[in-house]
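Asker: Dropping the structure in here first, questions after.
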Amino acid sequence: MAESDGRRGHRRYGRERTMSASGEEAGEAADDLLVTAEAGARLSCPSCGSVHVAQVLGDNGGVSFVCTACGHSWS
């Protein structure tokens, strides 16, 4: 079984993580992309039913979604 390395539930498999500050930021950016991809995988467009959905930031810092198939947007 893998053991936790103390970073927000991440696991390490067989080797120690040693990252510089920029490597740490890159790892967190990759984590954020994964979270976004997972959220997008659960969404479908309420207009056309497509799963091709992008998450975008709204003008007031809110989160909105846009269907890349038909252009419908919602929040």
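The values are calculated or read from the model by the stated rules, or taken from the named source; none is laboratory data. This is a predicted model, so every value here is computed, not measured. Neighbour counts are summed over all protein chains in view; Cβ atoms, including those assigned to glycine, are modelled from backbone coordinates with ideal geometry. In case anyone asks, the SASA skips ligands and DNA or RNA and just uses the protein heavy atoms, side chains included. Shrake-Rupley method; radii C 1.70, N 1.55, O 1.52, S 1.80 Å.
Asker: Could you grab me the full set of residues in segment 49-75 that are among the polar types (S, T, N, Q) and either touching a residue at least 40 places away in the same chain (Cβ under 8 Å) or open to solvent by less than 60 Å² (accessible area, probe 1.4 Å) (or both)?
Answerer: S50, S64 - these are the residues of segment 49-75 that are among the polar types (S, T, N, Q) and either touching a residue at least 40 places away in the same chain (Cβ under 8 Å) or open to solvent by less than 60 Å² (accessible area, probe 1.4 Å) (or both).
Here is a yes/no grid of residues against (1) part of a strand (DSSP E or B); (2) at pLDDT 75 or above; (3) within 20 Å of the chain's Cα centre (by Cα):
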residue: M1; (1), (2), (3): no, no, no
residue: R8; (1), (2), (3): no, no, yes
residue: D31; (1), (2), (3): no, yes, yes
residue: T36; (1), (2), (3): no, no, yes
residue: A41; (1), (2), (3): no, no, yes
residue: C48; (1), (2), (3): no, yes, no
residue: V51; (1), (2), (3): no, yes, yes
residue: G61; (1), (2), (3): no, yes, yes
residue: F65; (1), (2), (3): yes, yes, yes
